[in-house]
Ligand SMILES: C[S@@+](CC[C@H](N)C(=O)[O-])C[C@H]1O[C@@H](n2cnc3c(N)ncnc32)[C@H](O)[C@@H]1O
């Protein structure tokens, strides 16, 4: 009952934040980003920052930032990575991520592509795949809502079904996930597709607990 109330509040807040947002330049950690209206808000949400601060990136890694949104994670990882491919299903996100790669002088290191899950990187392999996925239970009614709703964990299941094909030997996957999603089912999905995981960081808000999963092939 309490969880349902918290979930309804978070969904309402997400919808309100995004509806009221105007395009603006904002600082996130120590960098400046252009935040675009129809793209997931990395300023008022915590999952992206959890990934930025804790992802185990090795100098020179070839990285896939899947579901890049405004490209914030890609920009921070590009400081040490050899190359970052940043992808998103949303054309608005792709535009926004390109602007932010440019704004942060990372155009040479970050390549932004549009498409569903691994479609834009067919045949390629990565040392690190980072995904800040949608995890709230519910049905997305438009492209923006696809940033937070994953009905019946279908997307995360498809992600793990395909991920092994795109990882170099010894490679890692890092995802942020919340107890608003079905954590037990997530861990079952990870194991079902042959991966092992460790929770390497977590954060608590008044509404939810967010975990950082490091997954090894
Ligand atoms: C929670 S947001 C994270 C955005 C960004 N990485 C961040 O941390 O601010 C999830 C992102 O995944 C994208 N997405 C949702 N479904 C997708 C799919 N099937 N393929 C690629 N990207 C998808 C959404 O458009 C959204 O930008």
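Throughout, read-outs are computed from the coordinates displayed, never taken from laboratory work. These figures come from a predicted structure and were not determined experimentally. With ideal geometry, Cβ positions are generated from the backbone for all residues, glycine too; neighbour counts draw on all protein chains shown.
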Given (1) in a strand (DSSP E or B); (2) surrounded by fewer than 18 Cβ atoms within 10 Å (Cβ to Cβ); (3) free of Cβ contacts under 8 Å to residues at least 60 places away in the same chain; (4) in contact with a strand residue (DSSP E or B) (Cβ under 9 Å, 6 or more places away or on another chain), index of the condition residue 169 fails: (4)
Condition broken by residue 135, with the remaining ones in (1) out of contact with any strand residue (DSSP E or B) (no Cβ under 9 Å at 6 or more places or on another chain); (2) within 30 Å of residue 15 (Cα to Cα) satisfied: (1)
Selection count, the range 139-155, where residues are within 11 Å of the ligand (Cβ to nearest atom) and either touching a residue at least 24 places away in the same chain (Cβ under 8 Å) or part of a helix (DSSP H, G or I) (or both): 9
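With respect to residue 101, is the statement that it is within 27 Å of residue 19 (Cβ to Cβ), in contact with a helix residue (DSSP H, G or I) (Cβ under 7 Å, 6 or more places away or on another chain), assigned to a helix (DSSP H, G or I) and more than 12 Å from the ligand (Cβ to nearest atom) true? I'd like the intermediate steps shown before the answer.
On the way: within 27 Å of residue 19 (Cβ to Cβ): yes; in contact with a helix residue (DSSP H, G or I) (Cβ under 7 Å, 6 or more places away or on another chain): yes; assigned to a helix (DSSP H, G or I): yes; more than 12 Å from the ligand (Cβ to nearest atom): yes.
Here the answer is yes, as residue 101 does meet what is asked.
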Odd one out for residue 39, checked against (1) more than 9 Å from the ligand (Cβ to nearest atom); (2) farther than 23 Å from residue 171 by Cα: (1)
Single condition residue 123 does not satisfy, out of (1) within 12 Å of the ligand (Cβ to nearest atom); (2) in a loop (DSSP other than H, G, I, E, B): (1)
Test: residue in the range 59-75 that is assigned to a loop (DSSP other than H, G, I, E, B), within 15 Å of the ligand (Cβ to nearest atom) and over 28 Å from residue 207 (Cα atoms): no
